[in-house]
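The values are calculated or read from the model by the stated rules, or taken from the named source; none is laboratory data. Since the structure is predicted, the reported quantities are computational estimates derived from the model, not experimental observations. Cβ placement follows ideal geometry from the backbone for every residue including glycine, while neighbour counts extend to all protein chains displayed.
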Amino acid sequence: MEEIILSNGLRMLYCQIVDAYSTSIGLYVKCGSRYEDISNNGVTHFLEHIHFRRLGSLSQDEIYYKTESMGSTLRACTYKDFLRFYMKTHPKHFLDCLMIFKEILASTLWTKEDVELERKVILNELYEKSTYVNIESVVAKAVWGNNPLSLPIIGNEDSIKSLTLQSIVDYKNIAFQKERILLVITGCISERNMAKAKEMLEKVTLATEGPKALVCVSPKPRYVERKPDVCFSNCNWSIVDVCISFDVDIDFVQTEELAILNSILGGGYGSILQRSIREKKCLSSNVYSYFDFYEDAAVLHISFSIEKKNVYDGISGIMILLQGLKKRISERDFLATMPFFTNNLRFLPEDPMTMNFELGWQSFVRNREFLSVEEQIVQYEKVSIKRLVEISNSIFKPENTVITILGSTNKLTKKEIRRIVQDGL
């Protein structure tokens with residue numbers, strides 16, 4: 001892997017995979033809903049969309065025609081803490097694809113008509129999603145409170161309607177400052193094409209961070225002792241959705257450690273949640289765990305759907321499992337989980353697109369030194385059963401817990417749920 005800083009300040013990571021049949025390009029920008037507030041919530045998502053309306057001299061139809069004629073397509077995704085544009089192509093189309101990214105970096109010449117057309121698309125998306133309640137949005141509010149991490153990526157109706165062409169252009173000029181951008185190229189690229197790429201991209205004028213900069217409010221002040229917190233969101237469902245969330249101290253827990261613990265708990269098909277709650281107790285057919293890991297915060301979630309009459313039993317059963325992890329993690333579970341991370345890492349060079357994302361997310365978004373595959377394997381192999389038990393004791397505590405229940409919650413009480421958690425943990 002090679003890091004390059006161009007004369008205009010653009011930072012690039014270049015990882016040549018000699019045996020690859022494709023080339024992947026990814027542009028990563030540090031912006032997203034956690035850099036927004038209620039008044040401009042959704043502006044990053046809007047900015048993502050507007051790039052597909054017009055790129056320099058390319059109209060929307062021409063963007064699609066040009067990329068598809070290369071056997072590729074331009075894709076993008078807005079996350080809470082970054083924006084990503086990406087393409088995968090045959091190496092012979094590398095420079096043509098890179099020209100698209102040059103336009104993404106430079107383009108602000110949209111029209112008011114572009115904005116109004118895209119506003120209708122995004123509002124339709126918002127209205128379609130509003131026809132059903134999404135537990136993730138309820139969980140985000142319960143866990144993050146008033147921190148911007150609780151804001152939806154798509155925004156809200158008022159903020160979407162208030163965005164103007166000028167406000168979107170102004171936001172891009174702040175978000176796309178050179179300190180906030182990383183371009184990652186992975187796969188089969190010749191040295192000759194890399195030289196041409198540098199020459200092409202150095203012609204883009206990038207702004208430097210000035211008096212106007214995006215502000216990222218750390219959620220750490222939210223980490224206060226909980227009761228545990230319990231949040232109800234009522235709707236007329238016969239089945240209720242439950243999410244049990246735990247604050248994770250990232251100063252104590254590494255990503256690799258949390259990944260392995262999560263896999264043992266409920267991230268894998270043979271996890272203890274699957275074996276106990278789904279297969280043995282038959283309380284839920286859809287139970288799993290996952291985690292959110294940001295540069296400055298992390299949360300571990302256990303999510304499941306269940307009949308309302310079984311909610312207390314479901315939560316109690318999970319508390320028993322968590323209490324067990326605080327005492328002992330079986331060598332069988334540990335040894336079965338470890339190869340999933342160590343062996344699968346060796347497949348990473350076979351997939352330039354996945355490699356591209358890992359480089360962008362780890363080294364830029366999380367501001368962490370990117371390790372080679374072998375170095376990453378070493379990090380996983382350092383994790384021990386004893387260490388996972390220590391981590392379980394640091395995470396699974398009543399004062400770290402938030403429980404969100406979405407559905408028909410009458411006859412359920414927050415007091416009883418708190419008692420189950422406090423007695424169980």
Looking at (1) more than 22 Å from the chain's Cα centre (by Cα); (2) surrounded by fewer than 20 Cβ atoms within 10 Å (Cβ to Cβ), which is the only condition Glu179 fails?
(1)
Check Glu350, Glu331, Glu307 and return the single one that is surrounded by fewer than 16 Cβ atoms within 10 Å (Cβ to Cβ), touching a Ser or Thr at 6+ places or on another chain (Cβ under 8 Å) and either among the hydrophobic types (A, V, I, L, M, F, W, C) or over 25 Å from Tyr79 (Cα atoms) (or both).
Glu307
Do we find that Val311 is in contact with a Lys or Arg (Cβ under 8 Å, 6 or more places away or on another chain) and either modelled with pLDDT of 95 or more or not polar (S, T, N, Q) (or both) in this structure?
no
In region 155-165, residue surrounded by the most Cβ atoms within 10 Å (Cβ to Cβ) [restricted to those that are closer than 17 Å to Glu125 by Cβ and free of Cβ contacts under 8 Å to residues at least 60 places away in the same chain]
Glu157
Between a residue in region 323-347 that is free of Cβ contacts under 8 Å to residues at least 40 places away in the same chain and any residue that is hydroxyl-bearing (Ser, Thr, Tyr), which pairs come within a Cβ distance under 7 Å, given they are 6 or more apart or on different chains?
Thr342/Tyr380
If you take the residues of region 387-425 that are among the polar types (S, T, N, Q) and in contact with a strand residue (DSSP E or B) (Cβ under 7 Å, 6 or more places away or on another chain), which of them is surrounded by the fewest Cβ atoms within 10 Å (Cβ to Cβ)?
Ser408
Just name the residue that is nearest to Ser72 (Cα to Cα) out of those in region 353-386 that are among the charged types (D, E, K, R) and surrounded by 14 or more Cβ atoms within 10 Å (Cβ to Cβ).
Glu358
Given the criterion assigned by TED's automatic domain parsing to the domain that holds Glu369, of a type in the set (Gly, Ala, Ser) and either over 23 Å from Gln362 (Cα atoms) or part of a helix (DSSP H, G or I) (or both), identify the matching residue among Ser289, Ser305.
Ser305
Could you check Gly42 against (1) at pLDDT 95 or above; (2) on the phi < 0 side of the Ramachandran plot; (3) touching a Gly at 6+ places or on another chain (Cβ under 9 Å) and say which number it fails?
(2)
Out of all the residues in region 75-133, which are surrounded by fewer than 20 Cβ atoms within 10 Å (Cβ to Cβ), among the polar types (S, T, N, Q) and over 22 Å from the mean Cα position of the chain (by Cα)?
Ser107, Thr108, Thr111, Asn124, Thr131
Of everything in region 134-172 that's within 16 Å of the chain's Cα centre (by Cα) and hydroxyl-bearing (Ser, Thr, Tyr), which residue is modelled with the highest pLDDT?
Ser150
Could you look through region 370-396, keep only residues that are modelled with pLDDT of 95 or more and of a type in the set (A, V, I, L, M), and pick out the one that is nearest to the chain's Cα centre (by Cα)?
Ile395
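Please specify each residue of region 390-417 satisfying the condition of being touching a Pro at 6+ places or on another chain (Cβ under 6 Å) and in a helix (DSSP H, G or I).
First, pick out the residues of region 390-417 that are touching a Pro at 6+ places or on another chain (Cβ under 6 Å): 398, 401.
Selection gives Pro398 alone.
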